[in-house]
Structure formats: structure tokens, C-alpha cells
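The values are calculated or read from the model by the stated rules, or taken from the named source; none is laboratory data. Note that the coordinates shown come from a computational prediction; the quantities given were computed from them, not determined experimentally. Cβ coordinates were reconstructed from backbone atoms using ideal geometry, including for glycine residues, and neighbour counts include every protein chain displayed. Areas reflect the complete protein model, heavy atoms only, side chains present, ligands, DNA and RNA absent. Shrake-Rupley method; radii C 1.70, N 1.55, O 1.52, S 1.80 Å.
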Amino acid sequence: MPPGARHEGKPIIDFITRLGPTTSAEEYVSSFLGSRLDRREKKAVEQMKVQMIWLEPPGKGGTRASVTSGSGHQRKRLSSRQKKELGLYEIPKEKQRYSLYLPLHDLWKSYMEDLLQMGSHRGNLVQSQMNQRVTKADLHGCLLRVERSKCPSYIGTHGIVLQETQNTFRLITASNSLKTVPKANSVFTFDLGRYCFCLYGNHLRYRAGERSARKFKDKPTLDLNELTAHARSSRVYKAALQTAIYRGFARVLLSAGKRKDSQQCLHPSALLSFSLSRDIMSIPSSLTLDSLPSGVRSFVDKWSEHCTPEGVHVCDGSDEEDGALLQLLVEKGSITPLSKLEDCFLCRTKKADVARVERRTFICSPTRGGAKPTPSEGIKSKLGHWMQPDEMDALLDKDFAGCMKGRTMYLIPYCMGPLGSDISKIGIQLTDSAYVVVCMRKMTRMGASVLQALGEGDFVRCLHSVGVPLAPGAPDNDPWPCNPEKITIAHFPQRREIKSFGSGYGGNSLLGKKCFALRIASTIARDEGWLAEHMLILGLTNPQGVKKYIAAAFPSQCGKTNLAMITPTLPGWKAELIGDDIAWMRFGPDGRLWAINPENGLFGVATGTNMKSNPNAMKAVSKNTIYTNVALTSDGGVFWEGLEDETPPKLGITSWLGVEGWEKLPAAEKKANPAAHPNSRFCTPTVQCPNLDPDWENPSGVPIDAILFGGRRPKTIPLVFETFSWEHAIYVGLCLRSQSTSAAADHKGKKIILNDPFAMRPFFGYNFCQYMEHWREMKQRPGAKLPKVFHVNWFREDAEGHFIWPGFGDNCRVIDWILRRCDGEDIAQETPLGLTPKPGTIDMEGLGPVDMEHLFDFSKADLEQETAEMEVYFSEQMPGQLPDFLQQELQSFKGRIAAMP
């Protein structure tokens with residue numbers, strides 16, 4: 001230290017906390033020096049920038065026992081025991097956050113690149129020089145990975161080195177846990193640029209400062225023992241060999257076939273053309289290809305041979321695997337750690353891959369009539385897209401051929417619904433996207449337990465690729481690979497199979513969601529006699545302690561998640577979440593419909609979510625969440641439209657498109673270029689919801705007392721009405737209409753009223769007319785006790801375009817009326833649309849002025865126009881195919897309208 005400088009004992013953890021994840025090495029060093037010096041010696045910092053200094057000069061006698069201060073007095077150094085007793089080696093729990101140490105890792109990389117002369121005009125070092133320098137280097141800040149250990153539980157551990165002793169490394173992992181790893185009998189690796197370095201722990205059993213004075217002999221080797229399970233055929237062995245990390249060594253140790261001790265010598269040049277991808281070797285898993293059931297193994301063998309990935313990783317769903325995948329995505333630039341939020345990451349997609357692409361989503365049944373109704377001549381169908389299975393297979397076989405070159409194929413075993421439930425279904429997804437894997441882990445029950453439950457049973461086959469193969473030896477530099485020109489999402493209901501190509505966006509790539517849980521599942525439900533619906537499931541307990549459950553079908557971005565996580569404003573009411581998006585309902589032994597949530601997470605729309613609209617959602621996404629296409633704040637947090645009142649005005653905002661200083665733009669430009677994409681999403685586990693129902697994973701499900709339909713209707717449709725009968729309920733579901741949203745790319749920026757029958761228009765897995773017949777068959781089941789059905793509309797507007805109803809937590813007032821109707825209370829009056837509340841029967845206590853008359857107002861002309869538009873829709877989309885009982889409902893409705901004054 002320079003003369004006069006004084007060490008104040010400031011903990012380095014506090015210093016690191018003040019630095020963001022993007023702090024440069026120069027800023028890091030300057031801040032470090034400033035934080036470690038006395039305030040009276042500020043000039044010393046400036047001097048250090050232009051002078052070479054000794055941070056710790058030897059004592060006068062040249063010994064390490066003491067250091068000399070500016071006054072000439074000697075200070076004794078603390079021994080290791082004294083430091084330990086003082087707690088100087090301890091890292092506080094609140095500082096054990098991986099994102100805090102990324103600046104340290106960036107600084108270390110700069111140090112190593114300079115040490116190894118990478119990109120230097122001085123030229124590259126030869127192999128022996130590089131080995132010596134690496135062995136003697138300071139590893140504090142290194143992202144180290146355990147490749148081999150005498151203790152199997154350490155294998156796969158990876159993290160940033162925070163502390164090094166003579167015999168151990170202490171790492172902070174991506175899952176924010178501290179791991180102490182012994183050096184003895186361990187093999188470590190780390191990446192630097194295009195190189196991967198291997199370190200043998202037995203050679204590192206010295207303190208960091210002592211290694212610099214020692215000499216080490218090179219022991220070159222390329223070890224493929226990790227790939228034993230994959231080396232069962234020449235094809236799989238070749239893929240395994242291509243995933244090996246070239247370290248410039250000549251001897252290859254093989255462990256394949258019967259001769260486990262066999263060795264083979266290869267010239268180094270034979271490996272130079274192989275990819276440097278290290279995905280498989282760096283990601284731990286307790287599962288191998290040999291451990292798979294025969295049906296799953298046949299499935300993966302078929303498509304790995306066709307897609308030609310570098311190798312196959314079987315996902316076990318462990319925390320270690322998840323942490324390794326997240327770290328891989330961080331290293332590739334696909335996601336960014338959010339330092340303000342615990343275990344949260346930000347992902348930005350490309351502009352062409354931000355939503356579901358309905359025009360490229362197909363149902364592939366043997367006949368057109370099995371997939372959708374036949375529209376009138378010259379009219380484009382709005383109830384799905386069809387292609388003959390053989391034709392689609394031929395098209396996709398060409399696209400999938402070699403599509404995973406240079407990439408890893410991940411095998412994801414997952415279960416839709418609680419494990420052990422009679423109604424739950426299992427799927428196997430193959431994908432070349434690590435983003436898909438980490439999201440599927442949150443959205444489904446995924447991993448080794450699923451394979452155990454599956455055994456040799458049947459499963460839904462799911463194949464996905466981003467559609468961007470890599471040339472031999474080419475680096476994977478694209479943080480969001482996709483092929484938007486070739487996006488295709490194909491469903492084969494009869495084969496229980498899904499194929500998705502070209503897109504990485506969740507709705508197109510997380511095949512357990514809408515693809516399986518609705519399109520394929522609706523077909524399975526028809527065959528097995530149950531319902532798979534685009535509905536939330538919510539438990540509500542009134543002040544008297546009576547609990548009932550409702551299911552509600554709203555189109556995307558029409559308030560499903562807000563209602564599912566509602567905080568009731570009525571005193572004494574309690575709302576508890578089962579699911580926010582999808583419901584599978586079957587008859588229970590009591591004749592009622594019992595529902596489960598097949599998903600394990602929330603994939604909700606971020607835009608518009610805040611502590612007023614959905615406080616439970618905001619609490620749920622405060623940790624362990626992946627955000628997609630939201631904005632980034634300068635303090636390491638997130639921002640989207642709707643958070644203006646909750647974001648400090650001085651914070652800088654970088655938009656989802658990477659525009660820095662977005663907060664300084666004029667209002668008109670902000671409106672034209674929002675900070676977050678309107679379809680920005682959060683992906684988080686359901687278990688983090690503070691209003692979670694204790695029965696949310698009950699294998700039997702929960703009994704449904706009422707079903708709600710709803711959408712965005714600025715006019716005509718009242719706040720709430722009850723249907724007259726089950727057939728009338730099906731007609732109301734058929735006539736469900738809503739203002740378009742950004743959830744579908746095909747209607748971006750257009751505010752038009754779209755027909756969205758049953759809120760399932762994009763998700764039918766078979767002919768919609770047959771779907772309505774299936775709903776009617778539910779009534780014909782012996783002993784069936786079907787729930788009451790209602791229609792709600794939170795989005796009625798006044799003449800100025802403002803919402804009349806306050807919505808959000810006050811929606812419980814409408815639900816209170818609905819549940820009282822389920823109990824048979826005489827609080828409804830008949831209208832042409834249905835049964836609406838009698839005046840004064842909706843609890844308005846504590847609520848300000850609301851124009852209730854306008855909320856329930858509709859004219860004869862309004863209803864006549866509504867009916868005329870629906871008849872046009874029927875004649876264009878399903879001419880002559882509307883079931884007879886719905887034709888009767890239409891005529892009854894027209895008769896009620898005609899009777900109006």
C-alpha cells in the first residue's frame with residue numbers, strides 16, 4: 001500500500017454489493033481501491049492509476065512476518081487461525097448471491113487473457129508456457145467446474161472461486177449456494193475464450209501464493225470416461241467424441257464397450273475440426289440413455305440420428321442441472337442475471353419471435369373434417385389450420401434433417417398434472433434449446449421421477465428445434481437462435497405427437513403448455529370422456545367459511561392470471577389459487593366435475609401487472625423467475641408498462657430492444673416503442689404464489705361449482721349474467737368474443753372484436769363442431785351434476801373509453817353474487833341474454849360511485865347486431881355444420897330479442 005494509506009477493515013462483500021452485474025474491470029478496480037483506502041488519502045487512488053505499486057510490500061527484513069507502515073512502525077500480520085476466529089473468512093448469507101460476483105469473474109477473465117497473451121501483439125504462447133502460467137495463476141474469480149471427483153456428489157458442481165485454501169476451493173454457484181470442494185483426487189476445468197483448461201487438484205494442493213514458485217510437469221490427456229453411457233454405437237460414439245473438449249493433447253482414454261481399460265492414440269490434428277461445445281460434459285445428470293425405458297430410447301434414437309446433434313443429455317430435473325443450464329445460458333448471452341432479484345434472469349428474444357404464430361400452427365388429422373369445420377367457399381377458416389399427416393411429415397423431415405448440428409439434444413421427461421393422478425399424462429420432449437429446458441422445469445413436473453412413473457407406458461412425443469444448425473467448428477454466438485421464416489407447429493392427435501420447428505418463444509417451444517395441455521389433451525379428453533379447457537381454477541371462501549371452486553375461460557391477456565391470484569376487497573373473503581391457465585376436468589364419484597391444474601408454473605403476461613392489479617403475482621415473481629422481453633433497470637431489476645408508479649424516477653431503463661435511456665424519451669416515442677413488449681412474460685413456479693390453495697396438487701382435483709366465460713367487450717355485454725341451461729351455456733361459449741390482444745402475433749396492433757369460442761379458438765385439437773357435441777355429451781352422463789355457467793365482462797367502457805368497473809380485487813363482488821346463485825338465492829332477473837343481478841344484489845359496500853345502470857345496459861338494436869354478426873360467423877366458418885341443439889338456442893335467443901320493447 002502507498003505511504004500513509006490505512007486499511008480500515010472494510011469487507012469486500014459490501015464493496016461488491018454496490019457494483020452492478022455489468023461493471024467493467026476498470027470501474028471495479030477503481031471502486032475497490034477507493035473502498036479500501038482511508039478517506040483522507042483520496043489522491044492516492046489517482047496516483048495508483050498511473051503508477052506501479054506494491055499492494056503488500058515485504059517488511060524491512062524481507063520476511064513475511066510483518067509489514068511496515070508509513071510511520072516506520074511494524075504491524076504483525078494476522079495468522080490464519082486468528083483470521084478464522086475473527087470470522088474474516090465467513091461470507092454473510094445475504095451476500096451469497098452469484099450475480100454479485102460476476103464483476104469479479106469479468107475482472108479475472110481480463111487478467112487471464114493478459115497473462116496468457118490472448119489476442120496480444122506479442123503472439124500466442126506455446127502449449128507448455130500456457131500450462132505453466134495457468135497452473136500458477138490466481139484463481140479467485142475463476143468460473144471453475146468439477147469434472148471428476150472421488151466423491152460423486154461433487155461432479156458437475158460449478159461456480160466462481162471466492163476462496164482458496166491449501167486443500168479446497170470455495171465456490172458460489174448459480175443457485176446461490178456456497179460449495180467447498182476438495183482439491184485432492186479432483187479434476188477441474190474452466191473456459192477462457194475458445195479454450196478449455198483442465199487442472200488436476202492433486203497438483204494444486206498449495207496456497208495460491210505458493211504455486212507461483214513451483215514447477216509442474218505437463219500430463220496431457222483427453223478423458224472421455226464421462227461419455228461411457230453414450231458410446232454404444234459408432235453413430236452415438238461419433239456424436240460423443242464431437243462433444244469432447246480439445247485440449248491439444250495426443251492421448252485419448254476411451255471407456256467404451258467391453259474393454260474399459262482400452263486406450264487409443266490420436267494425432268491432435270484429428271480433433272481440431274471437432275466442435276468445442278461442452279454442453280454435455282458441463283451439465284450434470286443422474287440419468288443416461290441406457291437408463292431410459294425402451295419406448296423412450298427408441299424415440300430419442302430415431303430423432304438423434306435424423307437431427308444429428310453433437311450428443312444427447314437426459315434431463316433429471318435436479319437443482320445442479322438447472323444451475324448448470326442457467327450458467328450455460330448466461331455464458332452464451334441468452335439470459336442476464338438480475339442482481340436486484342433473487343435467482344432471476346432476463347431473456348430477450350428476436351423481434352420476429354415474440355408470440356404464438358397461429359397461421360403456422362396445424363392440426364394434422366387424416367381428414368380435413370377431423371381438424372376443423374369446412375368454411376364457405378372463398379372464406380379463410382378461423383378455427384384452425386389443417387394439413388394431411390404424410391404431407392406435414394415430408395415437410396418437417398426435411399427441416400429437421402441435421403437441424404441440431406453443433407448443438408446438444410436435451411431429453412425432457414415431464415408430467416402434466418400431479419404425479420400419481422389418474423388424469424395426469426406424461427410427455428417426452430426433445431429440444432436443442434437450453435432455454436426450453438429451464439422453463440419446462442418451472443412449468444411442469446420434470447425429471448427422473450417422471451421416467452420412474454412412466455415405466456414402459458405410453459407418452460406424448462414432442463420434438464422441437466430452433467432450426468439453426470451450426471457449421472463444424474463454428475461458435476454458438478447467437479444468444480437467441482431461431483428461424484422465423486420456417487416456423488411450423490404441427491400436432492398429430494391420432495399419434496399423440498407434436499413437432500415444432502423454428503421458434504424459441506414459449507408458446508411455440510414449451511410443448512407441454514398449449515400444444516400438449518390443450519390441443520393434444522382435448523383430443524384425449526374427447527376419447528376418454530373428460531374436458532381439457534383454457535381455464536383458471538380458483539378456490540373462494542366466504543366470511544362464513546364456506547369454500548367453493550370456480551373455473552373461468554378467458555382469452556389470453558383478458559385477466560385470467562389476475563383473477564386466479566385475486567386479493568378480494570370484500571372483508572372476510574379468501575381466494576386461493578389452483579391454476580391460472582389450464583384446467584383438466586373429469587367426473588368424480590359424486591357426479592360433479594373435478595379439476596386439476598396440469599401445469600406446475602405460471603407463464604403470465606408481465607405488462608400491466610403491478611401491486612395494484614395483482615400483488616400476489618408480483619410477490620410470486622420476485623425470485624426464481626425467468627423474464628422474457630421486459631425492460632432492464634439500472635439497479636438490476638425489471639420494468640414494464642404498468643410499473644411506472646412503483647419505479648423510482650431516477651432509475652435508468654433499457655428497453656427490451658436494448659434502447660438505453662428509454663426513460664428519457666418523449667411520451668409519444670415511449671408509446672410507439674414501449675419499454676417491454678406487450679406480450680412480455682414471466683415464467684415462475686406455481687408454488688411461489690402466496691395465495692396457493694393447499695389442494696393445488698391433490699391427485700383427485702377439486703370440485704367445480706361454477707364455470708365463467710369472459711372477454712374484453714367495450715360495449716353491449718353486461719358485467720355478469722347466468723345462463724338458462726347447459727345447452728344455453730354451450731351457446732354462450734360458442735358466441736364468446738373479445739378484443740384482440742398481443743398474445744397472438746397475427747393481430748398485433750389491431751383493436752378488433754374477434755370470435756374466440758370457449759376461449760379455445762387457437763387451441764382446438766379437433767373439429768370445433770365435434771367439440772361442442774362433446775360438451776353436450778357431458779350432460780348425458782348418468783348422475784351428472786354439472787356446474788352453473790356464467791358470463792362476465794370486466795372491460796365495459798364509458799363514452800370516453802374508460803373502464804366503468806374497477807376490476808381487480810373488486811371482481812370478488814361479482815363472484816360473491818355468482819356463488820350465492822350457486823346456492824339458489826333469489827337474486828337474479830331474466831333478460832334476453834340470461835339471468836342478471838336484481839338491483840342492489842351485488843355488494844357495493846366500501847366502493848365508490850359506479851355507473852351500474854351503464855354496466856348492465858343493452859338495447860334491442862345492440863343485441864340484434866350481435867346476433868346478426870354471429871349468424872354471419874356461423875355461415876362463413878361452419879355453414880350447415882352447427883349442431884341442431886345450437887341452432888335451436890340461436891332461434892330462442894332471437895325470439896327473446898324480438899319480444900323486447
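One line per residue, one yes/no per condition, for (1) at pLDDT 90 or above; (2) touching a Leu at 6+ places or on another chain (Cβ under 6 Å); (3) not aliphatic (A, V, I, L, M):
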| site | (1), (2), (3) |
| --- | --- |
| Lys95 | no, no, yes |
| Tyr101 | yes, no, yes |
| Asp106 | no, no, yes |
| Ser110 | no, no, yes |
| Asp114 | no, no, yes |
| Met118 | no, no, no |
| His121 | no, no, yes |
| Gln129 | no, no, yes |
| Arg133 | no, yes, yes |
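Of everything in segment 455-472, what is farther than 26 Å from Cys364 by Cα, open to solvent by less than 50 Å² (accessible area, probe 1.4 Å) and either in a helix (DSSP H, G or I) or of a type in the set (Gly, Ala, Ser) (or both)? Give them in sequence order.
Within segment 455-472, just Gly455 meets the criteria.
Can you tell me which residue in segment 344-378 is nearest to Gly323 (Cα to Cα), limited to those that are more than 18 Å from the chain's Cα centre (by Cα) and of a type in the set (S, T, N, Q)?
Of everything passing the filter in segment 344-378, Thr361 is nearest to Gly323 (Cα to Cα).
Output the residue which, of all residues in segment 417-442 that are of a type in the set (Val, Ile, Thr) and over 23 Å from Leu328 (Cβ atoms), is nearest to the chain's Cα centre (by Cα).
Only one residue tops the list, namely Ile426.
Residues Asp705, Asp693: which one is of a type in the set (D, E, K, R), open to solvent by 10 Å² or more (accessible area, probe 1.4 Å), over 27 Å from Leu383 (Cβ atoms) and modelled with pLDDT of 95 or more?
Every option except Asp705 fails the conditions.
Considering only residues of segment 147-171 that are without any contact (Cβ under 8 Å) to a residue 60 or more places away in the chain and either among the aromatic types (Phe, Trp, Tyr) or touching a Pro at 6+ places or on another chain (Cβ under 9 Å) (or both), which is least open to solvent (accessible area, probe 1.4 Å)? Step through it out loud before you land on a result.
We begin by selecting, within segment 147-171, every residue without any contact (Cβ under 8 Å) to a residue 60 or more places away in the chain; these are 149-154, 161, 164-171.
From what is left, the residues that are either among the aromatic types (Phe, Trp, Tyr) or touching a Pro at 6+ places or on another chain (Cβ under 9 Å) (or both) are 149-151, 154, 167-169.
Numbers: Ser149: 17, Lys150: 162, Cys151: 54, Tyr154: 67, Asn167: 70, Thr168: 36, Phe169: 1 Å².
Out of the qualifying residues, it is Phe169.
Of everything in segment 626-638, what is surrounded by 24 or more Cβ atoms within 10 Å (Cβ to Cβ) and not in a strand (DSSP E or B)? Give them in sequence order. Before you say what the answer is, go through the steps one by one.
Of segment 626-638, the ones surrounded by 24 or more Cβ atoms within 10 Å (Cβ to Cβ) are 626-632, 638.
Within segment 626-638, Asn629, Val630 qualify.
Anything in segment 794-849 that is outside any loop (DSSP other than H, G, I, E, B), open to solvent by 40 Å² or more (accessible area, probe 1.4 Å) and in contact with a helix residue (DSSP H, G or I) (Cβ under 8 Å, 6 or more places away or on another chain)? List them, or say none.
Selection gives Phe808 alone.
Can you pull out the residues in segment 746-795 that are in contact with a Gly (Cβ under 9 Å, 6 or more places away or on another chain), charged (D, E, K, R) and over 30 Å from Lys671 (Cα atoms)?
Those that are in contact with a Gly (Cβ under 9 Å, 6 or more places away or on another chain), charged (D, E, K, R) and over 30 Å from Lys671 (Cα atoms): Glu777, Arg781, Lys785.
Is it the case that some residue within segment 470-490 is within 28 Å of Trp594 (Cβ to Cβ) and of a type outside the set (D, E, K, R)? First the steps, then the outcome.
Restricting attention to segment 470-490, the residues satisfying the condition of being within 28 Å of Trp594 (Cβ to Cβ) are none.
No: segment 470-490 contains no residue that is within 28 Å of Trp594 (Cβ to Cβ) and of a type outside the set (D, E, K, R).
Being closer than 30 Å to Ile818 by Cβ, touching a strand residue (DSSP E or B) at 6+ places or on another chain (Cβ under 8 Å) and either at pLDDT below 95 or not β-branched (Val, Ile, Thr) (or both): is that true of Leu511 here?
Against the criterion (closer than 30 Å to Ile818 by Cβ, touching a strand residue (DSSP E or B) at 6+ places or on another chain (Cβ under 8 Å) and either at pLDDT below 95 or not β-branched (Val, Ile, Thr) (or both)), Leu511 does not qualify.
Considering each residue of segment 172-189, count those that are surrounded by fewer than 21 Cβ atoms within 10 Å (Cβ to Cβ) and either in a helix (DSSP H, G or I) or under 30 Å from the mean Cα position of the chain (by Cα) (or both), and give that number.
8
Does segment 717-737 contain at least one residue that is farther than 22 Å from Lys788 by Cβ and open to solvent by less than 30 Å² (accessible area, probe 1.4 Å)?
No, segment 717-737 contains no residue that is farther than 22 Å from Lys788 by Cβ and open to solvent by less than 30 Å² (accessible area, probe 1.4 Å).
Name the residues in segment 669-686 that are at pLDDT 95 or above, aliphatic (A, V, I, L, M) and out of contact with any helix residue (DSSP H, G or I) (no Cβ under 9 Å at 6 or more places or on another chain), would you?
Ala676
Residues that are within 24 Å of the chain's Cα centre (by Cα): list the helices (runs of 4 or more DSSP H) wholly contained in segment 493-605 that include at least 3 such residues.
Hits in segment 493-605: 506-509, 560-564.
I'd like the full set of residues that are part of a helix (DSSP H, G or I) and in contact with a Pro (Cβ under 8 Å, 6 or more places away or on another chain), limited to segment 876-900.
Those that are part of a helix (DSSP H, G or I) and in contact with a Pro (Cβ under 8 Å, 6 or more places away or on another chain): Glu876, Gln877, Phe893, Arg896, Ile897.
Could we say that Thr431 is touching a helix residue (DSSP H, G or I) at 6+ places or on another chain (Cβ under 6 Å) and surrounded by 23 or more Cβ atoms within 10 Å (Cβ to Cβ) here?
Against the criterion (touching a helix residue (DSSP H, G or I) at 6+ places or on another chain (Cβ under 6 Å) and surrounded by 23 or more Cβ atoms within 10 Å (Cβ to Cβ)), Thr431 does not qualify.
Mind checking which residues of segment 330-344 are open to solvent by 10 Å² or more (accessible area, probe 1.4 Å) and touching a strand residue (DSSP E or B) at 6+ places or on another chain (Cβ under 8 Å)? Break it down stepwise before answering.
Taking segment 330-344 first, the residues open to solvent by 10 Å² or more (accessible area, probe 1.4 Å) are 330-334, 336-337, 339-343.
Of everything in segment 330-344, those that are open to solvent by 10 Å² or more (accessible area, probe 1.4 Å) and touching a strand residue (DSSP E or B) at 6+ places or on another chain (Cβ under 8 Å) turn out to be Val330, Glu331, Ser334, Thr336, Pro337, Lys340, Leu341, Glu342, Asp343.
Would you tally the residues in segment 750-771 being closer than 14 Å to Leu531 by Cα and over 33 Å from the mean Cα position of the chain (by Cα)?
1
Restricting to segment 403-428, count the residues that are of a type in the set (Ser, Thr, Tyr) and open to solvent by less than 10 Å² (accessible area, probe 1.4 Å).
3
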